[in-house]
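Peer 1: Below is one structure. I have some questions about it.
Bear in mind that the values in this text are calculations on the coordinates, not laboratory data. Note that the structure is a prediction, hence the values are computed from the model and not measured. Cβ placement follows ideal geometry from the backbone for every residue including glycine, while neighbour counts extend to all protein chains displayed.
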Amino acid sequence: MNKEKYITDPRFKGIAPFAEKVWLSSPTMHGDEQKWVDEAIRTNWVSTVGENINEVERMTAEKVGCKYAVGLSSGTAALHLAMKLAGERLYGQPKVGHGTLEGKRVFCSDVTFSATVNPVAYEGGEAVFIDTEYDTWNMDPVALEKAFELYPEVKLIVLVHLYGTPGKIDEIKAIADKHGALIIEDAAESFGATYKGRQTGIFGDYGMISHNGNKIVTSSSSGMLLTNSKEDADKARKWSTQSREDASWYQHKEIGYNYRMSNITAGVLRGQLPYLDDHIAQKKEIYYRYKEGLKDLPVSMNPIPEDCESNYWLSCLLIDKNAMSNQVREEQEVHYVNEPGKSCPAEILEALMAFNAEGRPIWKPMHMQPIYRMNPFVIAEWSGRGKSNVYIIGDKCTDVGADIFERGLCLPSDNKMKTEEHDIIIDIIHRCFR
């Protein structure tokens, strides 16, 4: 990208690059994190056991409202073990070298990060991607119901709450119950968000959250498996420590993993968890400042339905169709044409980058990813009359997820962003439409 192009562009006259980068979403430390890390080092509990782990598991289970939270090395590890637990529950324990979902199909949210669906492949299954709906940007229940008509044998659904906003949980649960399917709830981005007054992560048969460096609270890298089953929690802990049996020597009856959370990273998380509600409040303020500051442009913010409270992890923008300038995305490059009165995600992201602010494209739908392009994809085409009533399989029309990817972008949402920095970012976006 040619930064000089934007700095010398008359539309951006008078704007100087930020002296310090404005991040999309960076860690916010408070000092308590150091206390608990130092405590782990002082007491020599620096491996995968210790009081920090015990305490963050307790605090998380209490916050979310489940009986057990299992601390793991990443959100991906939590998803993988949830997938194994669901697979064994549905299909029994596999032979060594085979996955619990060997040859089975799994219905998965389409607009998400690849970590959501990769564990399906880890366990030998095939992801079937379910299109998105506009109300929440999450899995479309209408497309899900159609998917069961096409693949009635499926018994597992992986539901994501995108960018911190809960999906249509009641509708999806009703469909799952009707067809005898289990739900894995990927709440990696939605820790602290609520649906009808209840925390996300506890509506499915298994849930998980992530503490990656850019999440609402962080440990640098870890995750939690959420469950109400002591048997499942114990099994996940065992698997996460190489499936060692209770013997004085190293005895193993099944494959295990090095997935347990470190007491050091748990110390960071222990210092973060008390500030979760503060972080959510700060992110919410950012969201509504964007909403107010951009209301005169042909754009809309990512939707927040009335029956839920998002954690506002990332503030996202969707450009109206008639205000989109011509944009073409190739496999690794993007090209666009500047048109007066119009803009596109590529132009806005480049402009932000030129002035030292970080944005990001919307997650590219999984069915568009090279590795998953041959997987089944179920779409319910939006009719424009307030409901989805035309079903199309494959990529014969523009689907909702692809449309949001084409017209949407994630805006700088760092909760340390100053008001004056936020005002400049809003100004930059306005100037992109000149």
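Peer 1: Just name one of Thr218, Gln34, Met353: the one whose Cα is farthest towards the positive end of the charge dipole of the chain (beta-carbon charges, Lys/Arg +1, Asp/Glu -1).
Peer 2: It is Gln34.
Peer 1: Sticking with the crude label model, points 7 Å out along Cα→Cβ, report the distance from Thr419 to Asp320 in nm, one decimal please.
Peer 2: For Thr419 paired with Asp320, the spin-label model returns 3.0 nm.
Peer 1: Share of antiparallel DSSP beta bridges in the chain, in percent to the nearest 5?
Peer 2: Taking every DSSP beta bridge within the chain, about 60 percent pair in antiparallel fashion.
Peer 1: So, in nm, how far is label Ala281 from label Glu4 when the simple model puts each one 7 Å beyond its Cα toward the Cβ?
Peer 2: Computed distance between label sites Ala281 and Glu4 equals 4.7 nm.
Peer 1: What's the angle, to the nearest 10 degrees (0 to 90), between helix 75-91's Cα axis and the longest principal axis of the chain?
Peer 2: Relative to the chain, helix 75-91 is tipped by roughly 50 degrees.
Peer 1: Follow-up. What shape does the chain have by the C-alpha gyration tensor, where a ≥ b ≥ c are the square roots of the eigenvalues, rounded means a/c under 1.5, and otherwise prolate means a/b greater than b/c and oblate the rest?
Peer 2: Here the chain falls in the oblate category.
Peer 1: Let me ask something else about it. Which cross-chain or sequence-distant (5 or more) residues have an amide H under 5 Å from the amide H of Val128, H modelled 1.01 Å from N in plane?
Peer 2: Val106, Phe107, Cys108
Peer 1: Once the other residues with Cβ under 12 Å from the Cβ of Ala127 are scored (Lys, Arg +1; Asp, Glu -1), what is the net sum?
Peer 2: Summing Lys/Arg as +1 and Asp/Glu as -1 gives 0.
Peer 1: Taking the Cα centre of the chain as the origin, how large is its charge dipole in debye, to the nearest 20, when only Lys and Arg (+1) and Asp and Glu (-1) carry charge on their Cβ atoms?
Peer 2: 280 debye
Peer 1: Shifting gears a bit: Run the helix sum for the chain: -39,500 (n - 2.57) per DSSP H stretch of 4+ residues, divided by residue count, reported at 222 nm to the nearest 500 deg cm²/dmol.
Peer 2: Computed ellipticity for the chain at 222 nm equals -10000 deg cm²/dmol.
Peer 1: So what's the gap between the Cα centers of the range 77-108 and the range 188-262, to the nearest angstrom?
Peer 2: Between the Cα centres of the range 77-108 and the range 188-262 lies a distance of 15 Å.
Peer 1: Okay, which of the range 264-278 sit inside 13 Å, backbone N to the point 7 Å along the Cα-Cβ direction of Lys35?
Peer 2: Counting only backbone N, you get 268, 270-275.
Peer 1: Expected output is a single nm value to one decimal: the length gained when fully extending between Asp234 and Leu150, i.e. 0.36 nm times separation in residues minus the C-alpha distance. What is it?
Peer 2: That pair, Asp234 and Leu150, stretches by 26.6 nm at full extension.
Peer 1: Next question. By count of other Cβ within 10 Å, fewest leading, how are Lys35, Lys168, Lys342 ordered?
Peer 2: Exposure proxy ranking, most exposed first: Lys35, Lys342, Lys168.
Peer 1: Separate question: Compute the whole-percent fraction of alpha carbon pairs in the range 163-313 spaced more than 19 Å apart.
Peer 2: I get 63 percent for the Cα pairs in the range 163-313 exceeding 19 Å.
Peer 1: Under the Karplus relation 6.51 cos²θ - 1.76 cosθ + 1.60, θ = phi - 60°, what is the ordered set of whole-Hz ³J(HN,Hα) values for the range 301-317, x standing for Gly and Pro?
Peer 2: Working through the residues one at a time gives 8, 4, x, 10, x, 5, 8, 9, 10, 5, 8, 6, 3, 10, 8, 10, 10 Hz.
Peer 1: Give me Rg/Rg_expected for the range 74-119, where Rg uses Cα atoms only and Rg_expected = 2.2 N^0.38 Å with N residues.
Peer 2: Cα-based Rg divided by the globular estimate yields 1.17.
Peer 1: With +1 on each Lys and Arg Cβ and -1 on each Asp and Glu Cβ, how big is the dipole of the range 32-274 about its Cα centre, in debye rounded to the nearest 20?
Peer 2: 560 debye
Peer 1: Please report the net charge: other residues with Cβ closer than 14 Å to the Cβ of Ala354, K and R +1, D and E -1.
Peer 2: Cβ neighbours under 14 Å give a net charge of 0.
Peer 1: Quick one: length gained pulling Ser114 to Glu330 fully straight, 0.36 nm per residue minus the C-alpha distance?
Peer 2: 75.9 nm
Peer 1: Another question, then. All other residues with a Cβ under 11 Å from the Cβ of Gly75 taken together, and with Lys, Arg as +1 and Asp, Glu as -1, what is their net charge?
Peer 2: Value of the local net charge: -1.
Peer 1: While we're here: Quick one: give the max-minus-min coordinate of the C-alpha atoms of the range 32-274 along each principal axis, largest first, in Å.
Peer 2: 58, 40, 26
Peer 1: How tilted is helix 169-178 with respect to the longest principal axis of the chain? Cα atoms for both, answer in degrees (0 to 90, nearest 10).
Peer 2: Rounded to the nearest ten degrees, it is 50.
Peer 1: Counting other beta carbons within 10 Å of each residue's own, what order do Asp399, Asp232 fall into, fewest first?
Peer 2: Asp232, Asp399
Peer 1: If you put +1 on each Lys and Arg Cβ and -1 on each Asp and Glu Cβ, how big is the dipole of the range 97-188 around its Cα centre, in Debye rounded to 20?
Peer 2: Approximately 200 debye in magnitude.
Peer 1: For the chain, with the dipole built from +1 on Lys and Arg beta-carbon atoms and -1 on Asp and Glu ones, taken about the Cα centre, which of Val96, Asn138, His422 lies farthest toward the positive end?
Peer 2: Val96
Peer 1: Using the number of other C-beta atoms within 10 angstrom as an exposure proxy, rank His211, His30, His80 with the fewest first.
Peer 2: His30, His80, His211
Peer 1: How much of the DSSP bridge set in the range 87-240 is antiparallel, in percent, rounded to the nearest 5?
Peer 2: 30 percent
Peer 1: So what's the angle, to the nearest 10 degrees on a 0 to 90 scale, between helix 345-354 and the longest Cα principal axis of the chain?
Peer 2: Long axis of 345-354 versus the principal axis of the chain: about 90 degrees.
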